[in-house]
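Have a look at the structure below before the remarks.
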Amino acid sequence: MKKRVIATMLVAAMLIGTAISAAGCSSKGSSDGKIHITMLQYKPEAINAFEAMEEEFNATHDDIVLTIESPNDAMTVLKTRLIKENAPDIIGIGGDVNFSNFIDAQILMDISDFEELSLVKQAYLDIDKNLEFVPTDGVYAVPYVANAAGVLYNREMFKENGWEIPTTWDEFMSLCDTIEASGKQALYFGYKDVWTCLAPWNALACDLAPADVCRQVNKGETKFIDEYSEVATKMLELLGHAQNDPFAYSYNDACTAFANGESAMYCIGSYAVPQIQSVNPDMDIDSFVMPGCDNAADNILNSGVDLQFCVTSECKNKEAAYEVLSFLLEDSTIQTYLDEQNAVPCKDKEFTLSPALDGMLDYINEGKMVDYQDHYYPSEMSVDAQIQTFLLDGDVDKFLKKFDTDWVRYNRDIIRKVQEYEGKGGNE
């Protein structure tokens, strides 16, 4: 079966039309009489957890051999393997535009009949569904773990000074003023690494822009300059409470500074906690949802699928692949991952979570969350770099006009598909 692989998914536009076949599928039987399942996952920082999973699975299964690959540049490796007709059976990827592209290119198997999808929180299944360029029948991933972004804070410092957790934007800005009046630094940023600009951007956008703003823009119903103006303005307000020249400091610098008590708060995701605690293992970190709204009830948690598992459409042993997915969804397997990576489980069950997530638990348990908006942004658009440039010059209108122009430039094919779909009344 031929698969059209779109340019945004592959390394170069010349690869459009590449055929993906079963020739290299690794799930075929071998001379040892066992079924061999290969998984390629994109989080090399979690290699220890995956090595433990592989060892445990193979020790408890006589008829299936699982091999988990964790390369450093997994997406490039994966796309190369697809081109070379050597697709892994299972891929572990994030819920982002790469996942959207894989669905569009028909590279993933519909796993609607995988019974244990019912164990996953509906909020995360919905987040995945919303990533489809146009509504597509089927389910194409098992959401596994998520992360959460908002504001990390030094719990001990807050207690010592009697500072209250802010629940509105005015309270947040007032808190920053209070912290600075005490002689301490309110916020620290590592904007030298452009991707860190997306952390506060996404958290604010969750509160202040429609969750489906990218789809609305693709449908021609709105523009980013109309939806992101308040987000951009409040990004500049945050910058006013940062350390001197935050663009001179990297992510590692910011993590180290926060770990050493050089700021009371850090606008970043839960994924930063292991890095921070590698500097100061005893640091008492908690978090709160970005209070971007004027009404506390309107705040919402920024949480997206950080890791999910998909079966490739050419896998020849779906039952064996499902057996692997079932193993990965066992409580003990999930807890192993959570303990190492400070993640949020997508499975709808209570787990032991990091104390750094205490302030976000109510939102997590209630499913009051929406996805990272940058999960919809094409990588070619380099939105993180655009945000950094905007923060340096401070011109909101200039930034958002360019955002709208570039969006059309890099999303022409998707916009066409969406508008064709809508023109047909939503009938595929």
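If you scan segment 363-403, which residues turn out to be in a helix (DSSP H, G or I) and over 27 Å from Ala148 (Cα atoms)? Working first, answer last.
Here is the first cut: in segment 363-403, the ones in a helix (DSSP H, G or I) are 363-366, 373-376, 379-381, 383-393, 396-403.
Correct list: Asp393, Asp397, Lys398, Lys401, Lys402.
Do we have Ser263 as crowded, with 18+ Cβ neighbours inside 10 Å, among the polar types (S, T, N, Q) and more than 28 Å from Ala297 (Cβ to Cβ) here?
On the way: crowded, with 18+ Cβ neighbours inside 10 Å: yes; among the polar types (S, T, N, Q): yes; more than 28 Å from Ala297 (Cβ to Cβ): yes.
Against the criterion (crowded, with 18+ Cβ neighbours inside 10 Å, among the polar types (S, T, N, Q) and more than 28 Å from Ala297 (Cβ to Cβ)), Ser263 qualifies.
Which condition does Phe57 not pass, out of (1) touching a residue at least 60 places away in the same chain (Cβ under 8 Å); (2) in contact with a Phe, Trp or Tyr (Cβ under 8 Å, 6 or more places away or on another chain); (3) within 19 Å of Ser313 (Cα to Cα); (4) not polar (S, T, N, Q), if it passes all the others?
Condition not satisfied by Phe57: (3).
Condition check ((1) among the polar types (S, T, N, Q); (2) part of a strand (DSSP E or B); (3) closer than 17 Å to Leu325 by Cβ) across all residues:
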residue: Thr67; (1), (2), (3): yes, yes, yes
residue: Met75; (1), (2), (3): no, no, no
residue: Arg81; (1), (2), (3): no, no, no
residue: Pro88; (1), (2), (3): no, no, yes
residue: Ile91; (1), (2), (3): no, yes, yes
residue: Asn98; (1), (2), (3): yes, no, no
residue: Asp110; (1), (2), (3): no, no, yes
residue: Leu117; (1), (2), (3): no, no, yes
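In segment 132-154, how many residues are among the small types (Gly, Ala, Ser) and either assigned to a loop (DSSP other than H, G, I, E, B) or over 21 Å from the mean Cα position of the chain (by Cα) (or both)?
Residues in segment 132-154 being among the small types (Gly, Ala, Ser) and either assigned to a loop (DSSP other than H, G, I, E, B) or over 21 Å from the mean Cα position of the chain (by Cα) (or both): 3 in total.
Only one of these is more than 24 Å from Thr168 (Cα to Cα) and either touching a strand residue (DSSP E or B) at 6+ places or on another chain (Cβ under 7 Å) or not hydrophobic (A, V, I, L, M, F, W, C) (or both): Gly240, Gly261, Gly292. Name it.
After ruling out the rest, the residue left standing is Gly261.
Given the residues Ile37, Ile16, which is the only one that is β-branched (Val, Ile, Thr), surrounded by 12 or more Cβ atoms within 10 Å (Cβ to Cβ) and modelled with pLDDT of 50 or more?
Going through Ile37, Ile16 in turn, the sole match is Ile37.
How many residues are under 17 Å from Pro143 (Cβ atoms), modelled with pLDDT of 95 or more and not in a helix (DSSP H, G or I) when one looks only at segment 309-343?
Number satisfying all stated conditions: 5.
Are there any pairs, at least 6 apart or on different chains, whose C-beta atoms fall under 7 Å, with the first in segment 234-256 and of a type in the set (Lys, Arg) and the second at pLDDT 95 or above, and if so, which?
Filtered contacts from segment 234-256: Lys234/Trp169; Lys234/Leu204; Lys234/Gly292.
Condition first: over 23 Å from Asn202 (Cα atoms) and in contact with a helix residue (DSSP H, G or I) (Cβ under 9 Å, 6 or more places away or on another chain). Now tell me which residues in segment 121-137 satisfy that.
The initial filter retains those residues of segment 121-137 that are over 23 Å from Asn202 (Cα atoms), namely 135-137.
The answer is Pro135, Thr136.
Just name the residue that is surrounded by the most Cβ atoms within 10 Å (Cβ to Cβ) out of those in segment 155-213 that are of a type in the set (Phe, Trp, Tyr) and assigned to a loop (DSSP other than H, G, I, E, B).
Step by step, filter segment 155-213, then rank; the result is Phe189.
Taking Lys129 as meeting all but one of (1) more than 26 Å from Thr196 (Cβ to Cβ); (2) over 21 Å from the mean Cα position of the chain (by Cα); (3) among the basic types (Lys, Arg), write down the number of the exception.
(2)
Considering each of Gly394, Gly367 in turn, give the residue that is under 21 Å from Ser303 (Cβ atoms), among the small types (Gly, Ala, Ser) and surrounded by fewer than 19 Cβ atoms within 10 Å (Cβ to Cβ).
None of the other options fit; the residue is Gly367.
Identify, please: which residue in segment 216-243 is among the small types (Gly, Ala, Ser) and assigned to a helix (DSSP H, G or I) and is, among those, farthest from Gly261 (Cα to Cα)?
Checking each candidate, the answer is Ser229.
Can you tell me which residues in segment 344-362 are assigned to a loop (DSSP other than H, G, I, E, B) and touching a residue at least 12 places away in the same chain (Cβ under 8 Å)?
Kept after step one, since they are assigned to a loop (DSSP other than H, G, I, E, B), are these residues of segment 344-362: 346, 348-354.
Result: Cys346, Asp348, Lys349, Phe351, Thr352, Leu353, Ser354.
Scan segment 217-229 and tell me whether some residue there is free of Cβ contacts under 8 Å to residues at least 60 places away in the same chain and either within 20 Å of Met369 (Cβ to Cβ) or small (Gly, Ala, Ser) (or both).
Step one: of segment 217-229, the residues free of Cβ contacts under 8 Å to residues at least 60 places away in the same chain are 221-222, 226-227.
With either within 20 Å of Met369 (Cβ to Cβ) or small (Gly, Ala, Ser) (or both) added as a condition, the list becomes 227.
Yes, segment 217-229 contains a residue that is free of Cβ contacts under 8 Å to residues at least 60 places away in the same chain and either within 20 Å of Met369 (Cβ to Cβ) or small (Gly, Ala, Ser) (or both).
The values are calculated or read from the model by the stated rules, or taken from the named source; none is laboratory data. Nothing here was measured: the structure is a model prediction, and the numbers come from that model. Counting neighbours? That spans all protein chains shown, and the Cβs are built from the backbone with ideal geometry, glycine included.
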